Amino acid sequence: MRGQLETFDVTMGGFLLLEMVYRGGPMSKSEIGGRLQCTRQNVDAIVERLEENGWVRREVVSLPPAEIKLSHLSKAKRDLPRRGPRIGLVHLTPQGEKFIGFVFPKHAKVVKALMRVLDGREQETLSRLCKKLCEGDVLKFFSEMTHEDVEESGE
């Protein structure tokens with residue numbers, strides 16, 4: 001599948017990000033990282049490459065401030081305007097929408113062709129197993145393994 005996506009000059013991570021934003025609308029980089037199960041640095045690298053191709057753009061927006069009783073603020077801050085946290089959102093550009101709208105159906109056909117070797121029951125089993133694998137927390141598992149290695153070495 002990676003080879004097929006490379007013909008469109010997009011990586012698997014880039015394709016998944018484009019698909020998520022195409023289906024779900026603008027997303028924060030932290031939300032993308034959570035869904036892709038990768039670090040902020042990986043998301044930044046993927047977004048940067050997609051930006052270079054003109055398929056996405058980043059935008060920093062301010063969220064509304066949290067509701068708080070004025071009595072919980074110091075008197076000096078009560079009259080000052082309050083701001084919410086700032087987050088970076090990733091949007092598809094019109095060129096990105098056109099690109100993913102073109103590539104996604106072709107990619108789906110390739111996946112469908114690959115899946116034809118499995119009967120319906122096998123496809124359902126594979127789907128169920130893949131969902132189950134996605135529920136696992138690889139980072140937690142890796143952390144646990146690393147921690148056990150340190151304990152075993154006596155450090």
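None of the figures in this text is laboratory data; all of them are computed from the coordinates on show. Keep in mind it's a predicted model, so treat the numbers as computed, not measured. Virtual Cβ from ideal backbone geometry, glycine too; neighbours counted across all protein chains shown.
Remarks
- The alpha-carbon atoms of the stretch 1-134 define a convex hull whose volume equals 155 cubic angstrom per residue.
- Taking θ as phi - 60° and the Karplus parameters 6.51, -1.76 and 1.60, the scalar couplings of the stretch 54-71 work out to x, 8, 9, 9, 9, 9, 9, 10, 9, 7, x, x, 5, 5, 8, 6, 4, 5 Hz in sequence order, x denoting glycine and proline.
- Remark: relative contact order (the stretch 57-104) = 53 percent; criterion is Cα-Cα distance under 8 angstrom and separation of 6 or more residues.
- Range of Cα positions in the stretch 11-71 per principal axis (Å), largest first: 52, 23, 22
- Neighbour-count ranking [beta-carbon atoms within 10 angstrom, fewest first] of Leu133, Leu118: Leu133, Leu118
- Net charge, Glu124 excluded, C-beta distance under 13 Å - Lys, Arg +1, Asp, Glu -1: +2
- Theoretical FRET efficiency, 1/(1+(r/R0)^6), r = Cβ-Cβ of Gln37 and Val111, R0 25 Å, to 0.05: 0.80
- Difference of contour (0.36 nm per residue) and Cα-Cα distance, Ala45 to Lys131: 28.3 nm
- 3J(HN,Hα) couplings calculated from phi for the stretch 112-117 with the Karplus curve 6.51 cos²θ - 1.76 cosθ + 1.60 (θ = phi - 60°) are, in sequence order, 4, 5, 5, 6, 4, 6 Hz; Gly and Pro show x.
- Whichever lysines have a C-alpha closer than 20 Å to that of Lys132, once near sequence neighbours (fewer than 8 apart) are set aside: Lys140
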